[in-house]
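To keep things clear, I will list the structure first and then write my remarks on it.
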Amino acid sequence: MLALSKMRRAELRIDLSALRHNAEIARRAAGERKILAAVKADGYGHGMSTVAQALRESVDGLMVATLGEGEVLRQAGVTQRIIVLQGVMGQAEARRAAQRFLEPVFHHVSQIDAVGTVGFGLPLTIWIKLDSGMHRVGFTPSEFHDAYTRLSRLRGVRPNPAVLTHFARADEPDRHPTERQIQVFNTSLDTLDSFAGETSLCNSAGLLAFPEAGGDWVRPGIMLYGGNPFVTGTAADHGLRPVMTLTTRLIAIRHVAHGEAVGYGGRFVAPEAMPVGVAAIGYGDGYPRHAPDGTPILVNGQRAAVIGRVSMDLVTIDLRGITAQVGDEIECWGTQLPIDEVAASSGTISYELMCQMSGRVHRMVTD
Ligand SMILES: *Cc1c(COP(=O)(O)O)cnc(C)c1O
């Protein structure tokens with residue numbers, strides 16, 4: 001029965017040609033600017049090293065959140081520049097970064113205090129984060145001059161550190177908050193006597209919607225994976241193709257009577273006698289537990305709706321008007337159903353659905 005058990009499991013297909021296609025779109029938008037691909041959180045759930053290798057010819061560097069992620073990439077043989085967003089805390093971490101040619105971001109004065117003044121074994125390339133309005137991490141404009149000066153004079157740090165900032169609202173139709181951030185970024189750099197470092201401002205939404213933001217590097221993430229970077233429109237509007245497709249199989253079809261409730265908590269009550277499909281996927285695989293009745297799901301390419309509570313291993317589907325048989329393919333999201341639709345229905349964003357993919361899901365990577 002090997003074939004049957006194999007047939008029943010949830011499968012995540014990763015399409016590397018779509019990834020490279022999306023990188024090409026980022027490249028076109030970037031113009032002369034260089035690209036740092038965001039591959040943190042396991043490459044947004046797509047497999048960090050797989051994504052890094054696939055993008056080797058398409059991007060100019062990679063960006064991770066933690067030192068550990070950077071070390072994993074080096075171990076996998078990645079030789080490109082790697083920026084570590086959370087940076088380092090203390091001498092030992094700074095030495096680890098220097099040894100592996102990882103480039104930490106300094107965003108808080110406690111990091112400068114902790115890093116010491118005796119060097120790191122090897123020269124350390126660093127980035128300095130300016131908080132231009134997101135108010136999460138980064139030196140404020142009033143702290144920035146001192147922080148930059150202190151860091152650029154630090155023993156063991158390469159001259160002319162790069163500066164980056166991050167947009168809080170570049171995905172929204174209102175352009176003003178982002179325009180304001182760009183302005184704060186530029187005026188903060190002007191306070192430095194002779195700045196000669198590199199700069200970076202744009203995430204995916206900034207890259208596509210704010211060409212005037214400039215900078216030497218752009219930092220796309222979600223667009224590379226085919227998610228919509230904006231709160232409006234669709235990923236396809238920008239020519240982006242989904243990289244991940246999550247499928248499973250229909251493992252049962254039930255006929256429930258009028259008034260019968262389906263699944264935990266009896267959330268869905270059949271308004272009439274109706275067929276209900278059971279698909280082998282649940283929140284244990286990364287399907288969102290908060291998907292309400294009506295969340296779209298494809299049965300053999302036909303658009304159907306999730307009904308009843310999502311459980312750990314199963315979801316139930318309204319099969320009224322749907323032609324279906326046990327064993328049929330279910331697409332949760334991917335090439336035929338945009339992940340953004342499922343995310344919106346479930347009260348979240350594509351980023352979270354992608355990052356949430358569990359290790360139980362069988363992965364298949366195609367070139
Ligand atoms: C994750 C991240 C990005 C990429 O953002 P997207 O919205 O996925 O394009 C860029 N910059 C920073 C600082 C990030 O943390």
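The values are calculated or read from the model by the stated rules, or taken from the named source; none is laboratory data. As the structure is a computational prediction, the values presented were derived from the model and not from experiment. In this analysis, Cβ positions are derived from the backbone assuming ideal geometry, glycine residues included, and neighbour counts consider all displayed protein chains. Side chains are part of the model used for accessible areas, which takes the heavy atoms of the whole protein and leaves out ligands, DNA and RNA. Shrake-Rupley method; radii C 1.70, N 1.55, O 1.52, S 1.80 Å.
Computed over the chain, the range of Cα coordinates on each principal axis works out to 76, 45, 37 Å, biggest value leading. The simple spin-label model puts a point 7 Å past each Cα toward its Cβ; for Arg267 and Glu212 those points are separated by 4.5 nm.
With the convex hull drawn over the C-alpha atoms of region 33-96, the volume per residue is 83 Å³. Working from label points 7 Å from Cα in the Cα-to-Cβ sense, the Arg9 to Ala114 distance is 3.9 nm.
Considering the chain as a Gaussian network with a 10 Å cut-off on Cα pairs, which listed residue, Thr248, Thr295, Thr79, attains the greatest mean-square fluctuation? Highest fluctuation of the listed residues: Thr79. In region 232-276, whose amide N lies under 13 Å from the spot 7 Å out along Cα-to-Cβ of Arg320? List them in ranges. Output list for this probe position: 256-260, 269-276. Annotation note: GluC sites (Glu not before Pro) in region 315-367 located in DSSP loop regions with a Cβ neighbour count of at most 10 within 10 Å are absent. Length available on full extension from Asp367 to Ala257: 0.36 nm per residue minus the Cα-Cα distance, which gives 35.0 nm.
Amide hydrogen proximity for Thr140: with H placed 1.01 Å from N in the peptide plane, the residues at 5 or more positions away or on another chain lying under 5 Å are Asp131. Put simply, the Cα atoms of region 52-147 extend 41, 32, 17 Å along their principal axes, the longest span coming first.
Other residues with beta-carbon under 13 Å from the beta-carbon of Gly263 carry, at +1 per Lys or Arg and -1 per Asp or Glu, a net charge of 0. Charges were assigned to the Cβ only: +1 to each Lys and Arg, -1 to each Asp and Glu. The resulting dipole of region 127-196 about its Cα centre is roughly 380 debye. Only helices enter this figure: runs of n ≥ 4 DSSP H residues, each worth -39500 (n - 2.57), summed and divided by the residues of the chain, yield -8000 deg cm²/dmol at 222 nm to the nearest 500. Taking the Cα centre of the chain as the origin and placing charges on Cβ (Lys, Arg +1; Asp, Glu -1), which of Ser49, His107, Leu189 is farthest toward the positive end of the dipole? Looking along the dipole axis, the top candidate is Ser49.
Taking the Kirkwood radius as Rh and the Cα radius of gyration as Rg, region 96-160 has a ratio of Rg/Rh equal to 0.97. With contacts taken as Cα pairs under 8 Å and at least 6 residues apart, the chain reaches a relative contact order of 18 percent. Taking only the C-alpha atoms of region 304-367, the Rg (one decimal) and the largest Cα-Cα distance, Dmax (whole number), read 13.2, 37 Å. Other residues lying with their Cβ under 12 Å from the Cβ of Arg360 contribute a combined charge of -1, Lys and Arg counting +1, Asp and Glu -1. Coordinate range of the alpha-carbon atoms in region 198-249 per principal axis, descending: 49, 22, 16 Å.
By accessible area, using a 1.4 Å probe on protein heavy atoms only, region 13-95 has 49% of its surface on carbon and sulfur. Note on region 281-317 and region 100-167: Cα centroid distance 45 Å, given to the nearest whole angstrom. Here's how it looks for Val163: its modeled amide H is under 5 Å from those of Ile128, Glu198, Thr199, Ser200, which are all 5 or more places away or on a different chain. Net charge of the neighbourhood of Ala236, taken over other residues with C-beta under 14 Å away and scored Lys/Arg +1, Asp/Glu -1, is -2.
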